[in-house]
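Written out below as structure tokens is the structure these notes cover.
The values are calculated or read from the model by the stated rules, or taken from the named source; none is laboratory data. Since the structure is predicted, the reported quantities are computational estimates derived from the model, not experimental observations. Here the Cβ positions follow ideal geometry from the backbone for every residue, glycine too, while neighbour counts run over all protein chains shown. Surface areas here come from the heavy atoms of the whole protein model, side chains and all, with no ligands, DNA or RNA. Shrake-Rupley method; radii C 1.70, N 1.55, O 1.52, S 1.80 Å.
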Amino acid sequence: MFKKSLQKYFIAIVLLLLTCFNVFSQSKISGDKKGTVTGKVTDAISTTPIEYASIAVYTSTNKKPINGATSDIRGVFSISDLDTGSYRMITDFIGYQPDTLQFNISSRDMTVKLDNIQLSKKAQTLQTVTVTAQKPLIENRIDKMVYNAEKDVTAQGGVATDLLKKIPQVSVDADGNVELQGNSNIRFLINGKPSSIFGNSLAEALQSIPASQIKTIEVITSPGARYDAEGTGGIINIILKESKVRGINGNVNIAVGSRLQNGSLNMHARRGNFGLNGFISGNGQITSTTLTHVNRSSFDTSLQTHSTLLTDGSSSFHRGGFESGLGFEWEINKKNNLSGNVGFENFGNKSHGNSLQDIQVETTPLPGSLVSAFQSIFKPENRFRFRSTDYSLNYKKTFDKEDQELNVAFNTSYGRSNQNFTQQQFNVKGDTLFSGSQSANPGTDHEAELQIDYTQPLPHDVKIETGLKSALRDIESASDVLYFSPAGYRYDTAQSNSLHYKRMVYAAFVSVNFPVGKWLEVKSGLRYERTETNAHFSKAADVDIPGYNTLAPSVLFAHHISESQIIKLSYTRRIQRPGYRFLNPFINALDPKNISRGNPDLQPEIGDNAELGYSKNFEKGGSVNVNLFYRGSRRDIQPYIVYYPSFAVGDSVYSNVSVNTFENIGTEHMFGLSLYGSLPVGEKLNLRSNLSLFDKYIINRFTDNSAINSINYRININASYQASKTLVMEFFGNFNSPRNEVQGRYPSFTTYNFAMRKLIWNKKGSIGFTTTNPFNKYVRQETQVTGQQFVLNSLRQLPFRSFGISFMFKFGKLEFKKDKEENGGANVPEN
């Protein structure tokens, strides 16, 4: 099909060049005034623009086209040099039914502007799904990058994290933490909507979404005014699969392996103007054991002592969960659409550790003069579970005027979490318990949003968008801590805690899209957000967080050098509000030598992002994208470690402790380059590669505004080989350089995958095989952190090698018969 598509494009281009040359020559000789026809090509169902659709113009008596064009990235086309008379125009694109219409050029009206040309997808009454046009794996659109996960050969056996690793400008570390252009403050959405599952543990949430459930992933590095200003790193929107074809159909995906296992069932039903989509999926990570080694040297200047903490041990970990959803779409009539869905997520993890701790204290003037030495067995255990229910309802109204529409959306999410930890310390023989604690930490998380957007087109291709939004975040959490005593575990009033955190954000925006002549497209906007926060902490004075206003301007300039080349320049301002976990002063003493707590005095981080991008698509399927970017953050929020020889918590005093919290470090500047290229080699091999490189410059206000400068980079390569019509193979390799932050150097990360997929049963099903890091059992993670009075070196060896097989089966009979509407008996167009 791909080869036929190239042949079709080639013939169309040759005919277009010949006819344009002929018309141009004739018009140059005659010198007569010529007419013009313009229009826009869109998908009949989604109304999205269709790029590179071919438009051919015929006279009433000629069977060969006399002129033609292709639609641009907005679906818009223009054909000039037309004499007065009657014409026939055929619009076509691969996978769609051709559309034919008539128009006239007269001396009174030399410019004809057509209504939207809506193309319907081709369909066949088969036992399988509809065959449509092939999309590239990565699409670089004017305001975002789209990763088409459905085309990923390894998608069936992995999770969302595995897909994110392959997207240009996105990096994922060994623990599943995600960065976009070097920034981890990312606003994650599902189907364009927020969810409370991302607020508790982002890495866990991404691990709970099977890749087979994902249709596309949208990456927006410079969001416009219509998007929330939250997230200085940008926005990543995960679009789940759905179907708009008629009939009942679906698919089953099952993947089993030595490390990950998941499965999903998707069902789609549509009749007339009403459709339902439902799914259920489950996932799990088999128990694995991580080896750890920690060496921390610290200094007590008052006592003139040097302490060394050595920890050697291991920890086992496993996770699991499931999610489900049900959605509907009701096309009430041609101009009114109502849709909604409900989703449920349930996931969690459990870890258990066992390590030997060795503490030695020496006097600093006389190295080797031992003051004390102590060894113990440390056994921590942690359990985490999160449940969430999401609801959404959306109404869309269109009008007679093209692009005029009203959207009203209500989204709400209810989450409930429960975290429990136990830590015990035994003597070196392991037969006597002398210290320990337990904690139960239940909580609730409620999010709700109401949004109204309106779009008004104006003459001369000007379009105004405006909207209002209110968003609520309401969190309650309690932590009951028990401490060990010879008489048993007792309630610890000093460490037990509760909080109630409530935040309201009120927003309004306006944006204007307009052309500057024929060579520049401008999208500019301004977003205003008012933030009101109330926070109550039981173990700290109520935090007075004054309300504040945020103005977030944005602008994007785009110039189409040609139909296949575009250059764009953008700027946007973003904000990162500290969440309740960052603010909560609760002290987590799961590891008494490494304590963590929040910081109620944190201020919001403000980011200014600028980007210059160039992209080009080649006729034979290759493409190149180049992006230069700058990201500047004020009041930059980062983790920060402080060492204490002794640290009091209520009646308890912990000795030789590192306390990890969050601080507004200062200012951060990043200058970077992202280069992505796709190259087809022959008809079977396709190569893709991405290089991201940025220079990070941090000014630390805690060390007399000293500066830290470092180069960070990421490179990957992806090769896919179509061995036959039913067999495809793939290799993916990725390397993330060590990451330098304000206090130290965090580890590099290397991963590589081999995968293959074989279509079976007349392409109704497929069997896949994938392996990750097959030649290395562990991924080594070496970290070095330096702070005032301490140096910390750690080594973790994470088991990462895995093998897996997957199975997918599509079922259902599609029906493309014309149904009758209840009112009027009119025929419903086929999908």
For this session: Could you please let me know if Thr305 is open to solvent by less than 30 Å² (accessible area, probe 1.4 Å), modelled with pLDDT under 90 and not hydrophobic (A, V, I, L, M, F, W, C)?
Result: yes
Exercise. From Asn266, Asn251, which residue is open to solvent by less than 10 Å² (accessible area, probe 1.4 Å), under 26 Å from Gly340 (Cβ atoms) and part of a strand (DSSP E or B)?
Worked result: Asn266
Exercise. If you take the residues of the stretch 649-676 that are among the small types (Gly, Ala, Ser) and touching a residue at least 24 places away in the same chain (Cβ under 8 Å), which of them is surrounded by the most Cβ atoms within 10 Å (Cβ to Cβ)?
Worked result: Ser674
Seminar exercise, completed: If we take the stretch 626-744, then strands (runs of 3 or more DSSP E) inside it with 1 or more residues that are under 29 Å from the mean Cα position of the chain (by Cα) and under 30 Å from Ser437 (Cα atoms) are 652-681
Seminar exercise, completed: Those residues of the stretch 269-312 which are more than 30 Å from Gly340 (Cα to Cα) and touching a Gly at 6+ places or on another chain (Cβ under 6 Å) amount to Thr292
Exercise. Of these, Val555, Val522, which one is among the hydrophobic types (A, V, I, L, M, F, W, C), closer than 21 Å to Met145 by Cβ, touching a Pro at 6+ places or on another chain (Cβ under 9 Å) and modelled with pLDDT of 90 or more?
Worked result: Val522
Exercise. Across the stretch 201-247, which residue is nearest to the chain's Cα centre (by Cα) among those that are hydrophobic (A, V, I, L, M, F, W, C) and in a helix (DSSP H, G or I)?
Worked result: Leu206
For this session: Filter the stretch 481-497 down to the residues that are open to solvent by 30 Å² or more (accessible area, probe 1.4 Å) and either assigned to a loop (DSSP other than H, G, I, E, B) or touching a residue at least 12 places away in the same chain (Cβ under 8 Å) (or both), then identify the one that is nearest to Val649 (Cα to Cα).
Result: Ala494
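Here is a yes/no grid of residues against (1) in a strand (DSSP E or B); (2) surrounded by fewer than 19 Cβ atoms within 10 Å (Cβ to Cβ); (3) modelled with pLDDT of 95 or more:
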| residue | (1), (2), (3) |
| --- | --- |
| Glu447 | yes, no, no |
| Thr455 | yes, no, yes |
| Leu468 | yes, yes, yes |
| Ser479 | yes, no, no |
| Leu499 | yes, no, no |
| Tyr506 | yes, yes, yes |
| Leu526 | yes, yes, yes |
| Thr533 | yes, no, no |
| Ala541 | no, yes, no |
Exercise. Among the strands (runs of 3 or more DSSP E) contained in the stretch 64-109, which hold 2 or more residues that are closer than 24 Å to Pro515 by Cβ and either touching a helix residue (DSSP H, G or I) at 6+ places or on another chain (Cβ under 6 Å) or not hydrophobic (A, V, I, L, M, F, W, C) (or both)?
Worked result: 67-70, 76-82
Problem set entry | Subset of the stretch 171-200 (residues that are at pLDDT 85 or above and not in a loop (DSSP other than H, G, I, E, B)) | Ser171, Val172, Val178, Glu179, Leu180, Asn183, Ile186, Arg187, Phe188, Leu189, Ile190
